[in-house]
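Written out below as structure tokens is the structure these notes cover.
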Amino acid sequence: MGTAIRVEVWDADADAGRAAITAVMDEMRRIDELMSPYKPASELSRINREAGKQAVKISSEQFDLIVRSLELSKLTHGAFDITFSSVGYLYDYRKRQEPTDAQIAGALPGINYRHLILDRRAGTIRFARQGVRIDLGGIAKGHAVDRGIEILKKRGVKEAIVTAGGDSRVLGDRRGRPWQVGVRDPRDSKGMVAVIPLINAAISTSGDYERYFERNGRRVHHIINPKTGKSSTGVRSVTIIGPDATTTDGMSTSVFVMGVAEGMKLVDSMSGIDAIIIDDLGKMRFSKNLQQITPGDARKPVGASKP
Ligand code: ADP
Ligand code: MG
């Protein structure tokens, strides 16, 4: 996945614990084979090659995650849009490559989630026009983390954490105390700006420091504003806390694009969702519910206490 995966399991039976971890790792690999935009053999790559010409039959897992993505697009008025990739594929952060304004203008009409035509009965996806591409990078890691937690639950594990890059979900607590998940300082890879105690909850951070390069004082990074086809500005990182990692992953990317005012308004309107936004001046902002517990009572766990 090009991402660090971490699984920690507490199990009285060490062999069972190790086998559970292996099963989670296998699941991560399976999902990457299905959804990677970089692997030509993945189902997602096949969609991008063929769906502009004809309806493509896909797995129900991929179909369902695309449906989730479309729901998020509607909720965020298009801030979250997996067709961002119609322009996004022109960036290569490792090679410090970005499209010219003319290239962006040419590819931008491909960005619009309404171009995706799903047929639930047939299990197919089709693009309404040529030049559309999709990429589930803003939500697939959260999905993989949730699948990992499901696998652990089925095996009877009661206490665990699964992390893929900036997305984590915890099962139960850690030996009677909340799990502690750090929020990175977006301008210091070793520094932390907060530690969040969690029980049966998920947390995701989207930042402009994950994949980026700088040019003429401009930071070119991997979260794309679908309206412009360029890196989203105004925010350095967004952390979302919620019930499951698919939700927190999708929401962290969404709120990053929406920005402080609109993003926080959406978060505060949703029950069970919280946010920490660090704006482009480094100022931290907390959603309503977190203001009540941070920083005064930082040890109070966030999240439900029932699995
Ligand atoms: P990461 O954990 O890799 O930082 P994020 O959750 O921050 O992931 O999401 C960033 C990824 O989301 C990008 O690498 C890209 O694949 C995808 N993405 C970028 N812009 C958008 C957007 N506007 N809508 C949906 N997905 C996006
Ligand atoms: Mg995300």
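The values are calculated or read from the model by the stated rules, or taken from the named source; none is laboratory data. Keep in mind the model is a prediction, meaning the values are calculated, not measured. A quick note on method: Cβ atoms are made from the backbone with ideal geometry, for glycine too, and the neighbour counts reach across all protein chains shown. Just the protein is used for accessible areas: all its heavy atoms, side chains included, with ligands, DNA and RNA removed. Shrake-Rupley method; radii C 1.70, N 1.55, O 1.52, S 1.80 Å.
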Worksheet entry | Residue ranges of helices (runs of 4 or more DSSP H) in region 245-294 with at least 1 members within 15 Å of ligand 1 (Cβ to nearest atom) | 245-258, 260-269
Practice prompt. Evaluate the following for SER232: is it within 15 Å of ligand 2 (Cβ to nearest atom) and in contact with a helix residue (DSSP H, G or I) (Cβ under 8 Å, 6 or more places away or on another chain)?
Written response: yes
Response to the item:
Residue set GLY78, GLY137, GLY142; condition more than 25 Å from GLU214 (Cα to Cα), among the small types (Gly, Ala, Ser), modelled with pLDDT of 95 or more and touching a Pro at 6+ places or on another chain (Cβ under 8 Å); output residue GLY78
Worksheet item: Taking region 91-122, which residues are in a loop (DSSP other than H, G, I, E, B), exposed (fewer than 15 other Cβ atoms within 10 Å of the Cβ) and of a type in the set (A, V, I, L, M, F, W, C)?
Response: ALA122
Worksheet, complete the sentence: Scanning region 26-62 residue by residue, the ones that are exposed (fewer than 15 other Cβ atoms within 10 Å of the Cβ), touching a Gly at 6+ places or on another chain (Cβ under 9 Å) and in a helix (DSSP H, G or I) total 1
Item to complete: Give me a count of the residues in region 219-229 that are open to solvent by 10 Å² or more (accessible area, probe 1.4 Å), more than 13 Å from ASP101 (Cβ to Cβ) and either touching a Lys or Arg at 6+ places or on another chain (Cβ under 6 Å) or more than 15 Å from ligand 2 (Cβ to nearest atom) (or both).
Response: 3
Worksheet entry | Of residues in region 123-162 being assigned to a strand (DSSP E or B) and out of contact with any helix residue (DSSP H, G or I) (no Cβ under 8 Å at 6 or more places or on another chain), the one most open to solvent (accessible area, probe 1.4 Å) | ARG126
Item to complete: State whether the residues of region 188-196 include one that is of a type in the set (Asp, Glu), assigned to a strand (DSSP E or B) and more than 16 Å from ligand 1 (Cβ to nearest atom).
Response: yes
Discussion item. I'd like the full set of residues that are free of Cβ contacts under 8 Å to residues at least 24 places away in the same chain, farther than 26 Å from TYR209 by Cβ and part of a strand (DSSP E or B), limited to region 163-187.
Written reply: ARG177
Worksheet, complete the sentence: All conditions in (1) surrounded by 24 or more Cβ atoms within 10 Å (Cβ to Cβ); (2) within 12 Å of ligand 2 (Cβ to nearest atom); (3) β-branched (Val, Ile, Thr) are true of ILE241 except (2)
